[in-house]
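**Q** Below: one structure in C-alpha cells.
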Amino acid sequence: MSALSLPIHPITHNPTQAWEELRRSQKIIKLNVKTPQTPPDEHMLRFVCMSDTHCLTSHLQFEIPYGDVFVHAGDFTRCGSASEVEEFNGWLASLPHKHKIVIAGNHELSFDPKFTGGMSIKHHHKTAHTGDGLINEIPDLGMERDELKAAVAQDNTVDLITNAVYLQDQAHSICGIKLYGTPWQPEFCNWAFNVPRGRQCMEKWEAIPEDTDILITHTPPVGHGDLCCTGVRAGCVELLSTVQSRVKPKYHLFGHIHEGYGVTTDGKIIFINASTCNINYVPINPPIVFDVPIPPGFSK
C-alpha cells in the first residue's frame, strides 16, 4: 500500500463533526458574485459554470451567459442512459462557447466501469441465479428499475459526448490555464463514482496535479457548498485538505449538493458550487461566471 502525501482525518467518516473541529482554524467568506455585463478583457478567459442539470436544460429559467469556456461539473443526466446523454450533447452543441468541459457525477451510471465493465451488471444479466446484480442493490432514487438497467446495458456511452472535452481523472489546458476534472465522491447511495470516505477518497485526490489552476470535481470539499437541508455536511474532508495543503488551485468548481449553490472563499481559493437545480430539482440557479488571467505567452 503506497504512502499518502497527507494524513487521513481521524473522524473523516463523520464530515459534520469533522468540520466542527476544522472550522476553528478556517476562514469562510461568502461571496456575492454577479454575472459580468461586459465582454471579457482580451487578456482574460471567461468561464461559465453549471452543474446538476439532470436532463432539465430545456426548462432553464435563464439564458446561458457568453464566455470563452463552458464547464459542467456532473449530473447532466438522471441515470446516464444513451438518450439522456445524446440530448445533453445536442444541447452542448447549441452553446456558442469555444471551449466546453464536462465531467460526470453520481447520476451518470453508464460512465462508471463499476456498472458497465468487467464483473458488472452485464455479467449478472447473463447469470440468472445472481439476479440483476448491482442495479438491484442500489436505491432507485425515484426512478424505474428497468430504466436503470437499460442505462448501464449501453456500451461506450461516454463516447456520445462529442461536443465537449470529457475529463475523468484527466488534466486539460486552455490558453495556458491548467484544469483537472474528476467525478469521484464519498459514498452516496452507492451510485456512480462512489468510494468510501478516508483513504480511498484520498487515493483519488492524490492524482490531482499540484500545478492545477482550476479543479473540477463533482463533490464539494467539506465546509464549502456542502451543507444539506438536513443540517449535515456531505463534503469530503480529504478533498479539503488536498485542495488547501497540496494542490492550492485558484478555483475549485463542483456541484452535487443542490442546496449548497453559491461561492465562498478561504481567502486564497475560490470555491464554487454551480448546481443548477435547487433541492426540488427545479433548474433555477443561474450559471456562475468568473474571469481568469491568461498566463504570459498565451492568448485566446
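Here, each number is a calculation from the coordinates, and none is a lab measurement. Please read these numbers as outputs of a predicted model, since none were measured by experiment. Here the Cβ is made from the backbone with ideal geometry for all residues, glycine too, and neighbour counts use every protein chain on show.
**Q** Return the ratio Rg/(2.2 N^0.38 Å) for the chain, where Rg is computed over Cα atoms only.
**A** So the Cα radius of gyration is 0.98 times the expected 2.2 N^0.38 Å.
**Q** So, by mean Cβ neighbours within 10 angstrom, what's the order for 58-64, 10-16, 212-218 with the highest one leading?
**A** 212-218, 10-16, 58-64
**Q** While we're on this one: Suppose every K and R has +1 on its Cβ and every D and E has -1 on its Cβ; what is the size of the dipole of segment 135-224 about the Cα centre, in Debye to the nearest 20?
**A** Magnitude of the dipole: close to 200 debye.
**Q** Say the dipole of the chain comes from +1 at the beta carbon of Lys and Arg and -1 at that of Asp and Glu; which of Thr12, Phe298, Ser245 then lies farthest toward its positive end?
**A** Ser245
**Q** Could you work out the local net charge near Ile11, counting Lys and Arg as +1, Asp and Glu as -1, over the other residues with Cβ closer than 15 Å to its Cβ?
**A** Once positives and negatives cancel, what remains is +2.
**Q** Please tell me which of these pairs span more than 27 angstrom C-alpha to C-alpha: Lys27/Lys250; Lys98/Lys250; Lys34/Lys300; Lys27/Lys98; Lys100/Lys204?
**A** From the list (Lys27/Lys250; Lys98/Lys250; Lys34/Lys300; Lys27/Lys98; Lys100/Lys204), the Cα-Cα distance tops 27 Å for Lys27/Lys98.
**Q** For the chain, what is the mean residue ellipticity at 222 nm derived from helices alone (per DSSP H run of n ≥ 4: -39500 (n - 2.57); sum divided by total residues; nearest 500 deg cm²/dmol)?
**A** -4500 deg cm²/dmol
**Q** Given a Förster distance of 22 Å, report the FRET efficiency between Val232 and Lys34 from their Cβ-Cβ distance, rounded to the nearest 0.05.
**A** Computed FRET efficiency for Val232 and Lys34 comes out at 0.15.
**Q** How large is the dipole of the chain about the Cα centre if only Lys and Arg carry +1 and Asp and Glu carry -1, each at its Cβ, rounded to the nearest 20 debye?
**A** 780
**Q** Using Cβ counts within 10 Å as a stand-in for footprinting exposure, how do Cys55, Cys201, Cys229, Cys236 rank, fewest first?
**A** Exposure proxy ranking, most exposed first: Cys229, Cys55, Cys201, Cys236.
**Q** Here's a follow-up. When we measure straight from the Cα of Lys149, which lysines land under 16 angstrom away, once same-chain ones fewer than 8 places off are left out?
**A** Lys114, Lys122, Lys126
**Q** Further, regarding this structure: I need the calculated FRET efficiency for the pair Glu63 and Ile138, taking r as the beta carbon distance and R₀ as 25 Å, to the nearest 0.05.
**A** 0.10
**Q** How far apart, in nm, are the 7 Å Cα→Cβ label points at Ser5 and Arg145?
**A** 4.4
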